[in-house]
Amino acid sequence: MISDASPLIFLSKIGRVDLLKLLFKIIIITSEVRDEVLNEEKQEFNILKNAIEKGWIKIKDPKKNLDLGLGKGENSSINLAIELKDSLITDDLSAVKSAKALGINVLRTTTLIFLALNKKIISKKGALNLFNQIIDKGYYISPQIYKEIVKELNYSQRL
């Protein structure tokens, strides 16, 4: 499983980057993504540095890095996904569209939360809590999509 920067950043900000390890065992990022996430001034620096040092986040660069008109991290991640014939975790809308157009299976941070719920790693209440936490950290979910998420989690008005 290949990841772009934003899923790593948001999951780290809420202290749940471990979900990636629990769901996929190994996450692959490119050097460009590593450079984006390993900023000593950001709160998630130590969490991500530790995951890289422990070896469950691995760094690999694509042999060919064709310019897709995206940011460096998104561009290199998509090129690596093509090369490895692997799925990509990204939240960038342009990257999602480009990756899908190139036949790459795409997951978003929100998809990961539902995967963790389906694998019984987290509860419905825990899933809703994670959605609320990433929103608090700046992850945008439209009110309509949020309403659908709550409905999907089968929550009633007694939250």
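The values are calculated or read from the model by the stated rules, or taken from the named source; none is laboratory data. All values reported here derive from a predicted model rather than from experimental measurement. Glycine gets a Cβ as well: all are built from the backbone with ideal geometry, and neighbour counts include every protein chain shown.
Scoring residue 113 on the criteria (1) in a loop (DSSP other than H, G, I, E, B); (2) over 19 Å from residue 65 (Cβ atoms) leaves a single failure, condition (1).
Restricting region 127-159 to residues that are aromatic (Phe, Trp, Tyr) and in a helix (DSSP H, G or I), the residue that is modelled with the highest pLDDT is 131. Checking each residue in region 1-25 for being among the hydrophobic types (A, V, I, L, M, F, W, C), within 23 Å of residue 63 (Cβ to Cβ) and touching a strand residue (DSSP E or B) at 6+ places or on another chain (Cβ under 6 Å) picks out 1, 2.
Looking at residue 93 and the list (1) in the same structural domain as residue 27 (by TED's automatic domain parsing); (2) at pLDDT 95 or above, which single condition is not satisfied? All conditions are met except number (2). For residue 104, are the conditions met, namely being surrounded by 20 or more Cβ atoms within 10 Å (Cβ to Cβ), in a loop (DSSP other than H, G, I, E, B) and not assigned by TED's automatic domain parsing to the domain that holds residue 8? Criteria not met by residue 104.
Within region 30-49, restricting attention to residues that are in contact with a helix residue (DSSP H, G or I) (Cβ under 7 Å, 6 or more places away or on another chain) and hydrophobic (A, V, I, L, M, F, W, C), the residue that is farthest from residue 82 (Cα to Cα) is 47.
What helices (runs of 4 or more DSSP H) completely inside region 1-90 contain at least 2 residues that are touching a Leu at 6+ places or on another chain (Cβ under 7 Å)? Even if it seems obvious, please write down each step before you answer.
Numbers: elements: 5-13, 18-24, 31-37, 45-54, 72-84.
Filter on region 1-90 gives 5-13, 18-24, 45-54, 72-84.
Looking only at residues of region 10-31 that are buried (at least 20 other Cβ atoms within 10 Å of the Cβ) and not hydrophobic (A, V, I, L, M, F, W, C), we find that the one that is nearest to residue 137 (Cα to Cα) is 12.
Okay, residues lined up against (1) surrounded by fewer than 19 Cβ atoms within 10 Å (Cβ to Cβ); (2) in contact (Cβ under 8 Å) with a residue 40 or more places away in the chain; (3) among the aliphatic types (A, V, I, L, M):
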{"position": "60", "(1), (2), (3)": "yes, no, no"}
{"position": "73", "(1), (2), (3)": "no, yes, no"}
{"position": "85", "(1), (2), (3)": "yes, no, no"}
{"position": "93", "(1), (2), (3)": "yes, no, yes"}
{"position": "112", "(1), (2), (3)": "no, yes, yes"}
